[in-house]
Amino acid sequence: MSRNLYLILGGIFLFTTFQTMILFLTPLVAAQYGTRAALIGLLVAIPNLIGLLADVPFAILSNHYGRRRSMIVGSGFALVATVLLLVSQSYLGWLLALIVFGFATSLFFGQALAHISESAHPQHHARVQGYNGAIQGIGSFVGALLAGFLANFNMQLAFGTTILFAVVILALMWQLHERFTLASSVVAWRPVLRGYRDAAELLRKRSTIQMAVLVVAIQCIVFWVVGGTFFPLYMTTQLGYNVTLAGIIVGVRNLLTVAASPLFGWTTARFGLLRPVLLTHLVAALTLFFIPLNSNEYYLLLLLSIQGLGLGFTAAGANMLVTAGTIPGQRALGFASIGLIGRSTTLVLPPLLGLMAEARGLSLVFIAGGILATFCAGVLAIMVTRQYAKLDLIAQPDG
């Protein structure tokens, strides 16, 4: 792999660690201050509202100014967000920090994924995307483990640690080399404003993009909304476990996505792309139904371990589907297109599930999340059945 790929993958690892820590810690610190569950749900939804508004314009702007500049600015925003979280002790302060965090994610992550697909050799693309998924899984594991461990001592220490990650991300992105010539110092704003229409066209016409949307939606429901926000709250506030144990269980789940992700290239070469992606995500969706049935920590660890294995192909599978459905000039917009749906999911669900938790208890959140995720898997199964013969030709990238 090239030096650029190592730098981008390193940045993705650190940013995923940073992101996991922020999304793990913020609901817990808000709960410590007595914040209502619905308001906590609204708080963690804010970055996705920002992404919904900003992903597409930033993707278009990165085509004009280059991926490197976007990732550097995003890293700077990440640093500002961590400082705000460190010094804030009120809902308004956390809200402002997560708004800045939302801009950081929009500027950095979509462009990093696009840069990987543009930097990797086509023959090695599946293997590199497998590494990418593994790196994100390792980052999620480290982030959850660190957040749970440090929060058990001091919440400010935990937030302060994220500053170190933001500084290193910024340093790595500064070292990137990108062959990019600025055609004009003036941005053509009409294409920027037209970006949402183009994104909608990709979503409407490209079956590969539609399937990537469903894969990402399942991950957003299972991994981020239910598993990332409400599961730690469920363990600490309803079951009475300490935050370190919650962090360990979530961390093990995330680590097992690492174990599964490097198998992506081997699996697609032998079984195709579509069937493994469908089956693994269906299993992950079904695990949500079983979480409220038993409060034993070993039982919960087993369920989240299965969940982690089921989500191991999310990053690589969605990226391969987007790459198959776009040309290089559309790639960042393709990632932004699936991000629109993913962002919408993680924007709408947390407040709704928070209201449900207030009215009927946290246990019902897992049933509702399981129904939604399984529905997405069912729609994906129908699409796979209809499109398999045509689309699974892309599943042999190394052959």
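Matching residues to (1) at pLDDT below 75; (2) surrounded by fewer than 24 Cβ atoms within 10 Å (Cβ to Cβ):
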| site | (1), (2) |
| --- | --- |
| VAL100 | no, yes |
| HIS121 | yes, yes |
| ALA126 | yes, no |
| GLN136 | no, no |
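Is there a residue being free of Cβ contacts under 8 Å to residues at least 12 places away in the same chain and closer than 24 Å to LEU28 by Cβ anywhere in the stretch 156-168? Write out each step before concluding.
Taking the stretch 156-168 first, the residues free of Cβ contacts under 8 Å to residues at least 12 places away in the same chain are 157, 164.
If we keep only those that are closer than 24 Å to LEU28 by Cβ too, we end up with 157, 164.
Within the stretch 156-168, one or more residues are free of Cβ contacts under 8 Å to residues at least 12 places away in the same chain and closer than 24 Å to LEU28 by Cβ.
Does ARG3 satisfy the condition of being surrounded by fewer than 22 Cβ atoms within 10 Å (Cβ to Cβ), farther than 22 Å from PHE230 by Cα, free of Cβ contacts under 8 Å to residues at least 60 places away in the same chain and among the charged types (D, E, K, R)? Steps first, answer last, please.
On the way: surrounded by fewer than 22 Cβ atoms within 10 Å (Cβ to Cβ): yes; farther than 22 Å from PHE230 by Cα: yes; free of Cβ contacts under 8 Å to residues at least 60 places away in the same chain: no; among the charged types (D, E, K, R): yes.
No: the conditions fail for ARG3.
Within the set of pairs 6+ apart or on separate chains, which have a first residue in the stretch 358-377 that is hydroxyl-bearing (Ser, Thr, Tyr), a second that is surrounded by fewer than 22 Cβ atoms within 10 Å (Cβ to Cβ), and C-beta atoms under 9 Å apart?
SER363/GLN238; SER363/PRO292; THR374/LEU282; THR374/LEU286; THR374/PHE289
What number goes with the only condition from (1) in a helix (DSSP H, G or I); (2) buried (at least 20 other Cβ atoms within 10 Å of the Cβ) that THR326 does not pass?
Single failed check for THR326: (1).
From the list ARG270, ARG275, pick out the single residue that is touching a residue at least 24 places away in the same chain (Cβ under 8 Å), of a type in the set (Lys, Arg) and surrounded by fewer than 22 Cβ atoms within 10 Å (Cβ to Cβ). Let's see the steps before the verdict.
Values: ARG270 fails: touching a residue at least 24 places away in the same chain (Cβ under 8 Å).
After ruling out the rest, the residue left standing is ARG275.
Pull out all pairs, ordered by first then second residue, where Cβ-Cβ is under 9 Å, the residues are six or more apart or on different chains, the first lies in the stretch 85-99 and is farther than 16 Å from ILE40 by Cβ, and the second is among the hydrophobic types (A, V, I, L, M, F, W, C) and surrounded by fewer than 18 Cβ atoms within 10 Å (Cβ to Cβ).
The qualifying pairs are LEU86/ILE163.
Going residue by residue through the stretch 339-350, is there one that turns out to be without any contact (Cβ under 8 Å) to a residue 12 or more places away in the chain and either touching a strand residue (DSSP E or B) at 6+ places or on another chain (Cβ under 7 Å) or more than 21 Å from ALA269 (Cβ to Cβ) (or both)? I'd like the intermediate steps shown before the answer.
Initial filter on the stretch 339-350 (without any contact (Cβ under 8 Å) to a residue 12 or more places away in the chain): none.
Within the stretch 339-350 (the criterion being without any contact (Cβ under 8 Å) to a residue 12 or more places away in the chain and either touching a strand residue (DSSP E or B) at 6+ places or on another chain (Cβ under 7 Å) or more than 21 Å from ALA269 (Cβ to Cβ) (or both)), the answer is no, since none of the residues qualifies.
This table checks each residue for (1) of a type in the set (A, V, I, L, M, F, W, C); (2) touching a helix residue (DSSP H, G or I) at 6+ places or on another chain (Cβ under 7 Å); (3) within 26 Å of LEU145 (Cβ to Cβ).
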residue	(1), (2), (3)
LEU25	yes, yes, yes
LEU43	yes, yes, yes
ASN48	no, yes, yes
VAL56	yes, yes, no
HIS64	no, no, no
SER70	no, yes, no
SER75	no, yes, yes
SER106	no, yes, no
ALA112	yes, yes, yes
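Filtering the stretch 21-61 down to residues that are of a type in the set (Phe, Trp, Tyr) and surrounded by 20 or more Cβ atoms within 10 Å (Cβ to Cβ), which residue is nearest to VAL142 (Cα to Cα)? Full working, then the answer.
Start the filter on the stretch 21-61 by keeping residues that are of a type in the set (Phe, Trp, Tyr), which leaves 24, 33, 58.
Narrowing further to those that are surrounded by 20 or more Cβ atoms within 10 Å (Cβ to Cβ): 24, 58.
Details: PHE24: 12, PHE58: 28 Å.
Here the residue is PHE24.
Starting from residues that are in contact (Cβ under 8 Å) with a residue 24 or more places away in the chain and assigned to a helix (DSSP H, G or I), keep the ones in the stretch 201-210 and report whichever is surrounded by the most Cβ atoms within 10 Å (Cβ to Cβ). Spell out the reasoning first.
Within the stretch 201-210, the subset in contact (Cβ under 8 Å) with a residue 24 or more places away in the chain is 202-203, 206-210.
Then keep just the ones that are assigned to a helix (DSSP H, G or I); that gives 202-203, 207-210.
On the way: LEU202: 21, LEU203: 17, SER207: 15, THR208: 23, ILE209: 25, GLN210: 21.
This residue is ILE209.
Need the failing condition index for GLN330 against (1) more than 19 Å from the chain's Cα centre (by Cα); (2) at pLDDT 85 or above; (3) of a type outside the set (A, V, I, L, M, F, W, C), just the number.
(2)
Would you check if SER337 is surrounded by fewer than 24 Cβ atoms within 10 Å (Cβ to Cβ) and in a helix (DSSP H, G or I)?
Values: surrounded by fewer than 24 Cβ atoms within 10 Å (Cβ to Cβ): no; in a helix (DSSP H, G or I): yes.
No, not satisfied.
The values are calculated or read from the model by the stated rules, or taken from the named source; none is laboratory data. Since the model is a prediction, treat every value here as computed from it, not as a measurement. Don't worry about glycine lacking a Cβ; one is built from the backbone with ideal geometry, like all the others, and counts go over all protein chains shown.
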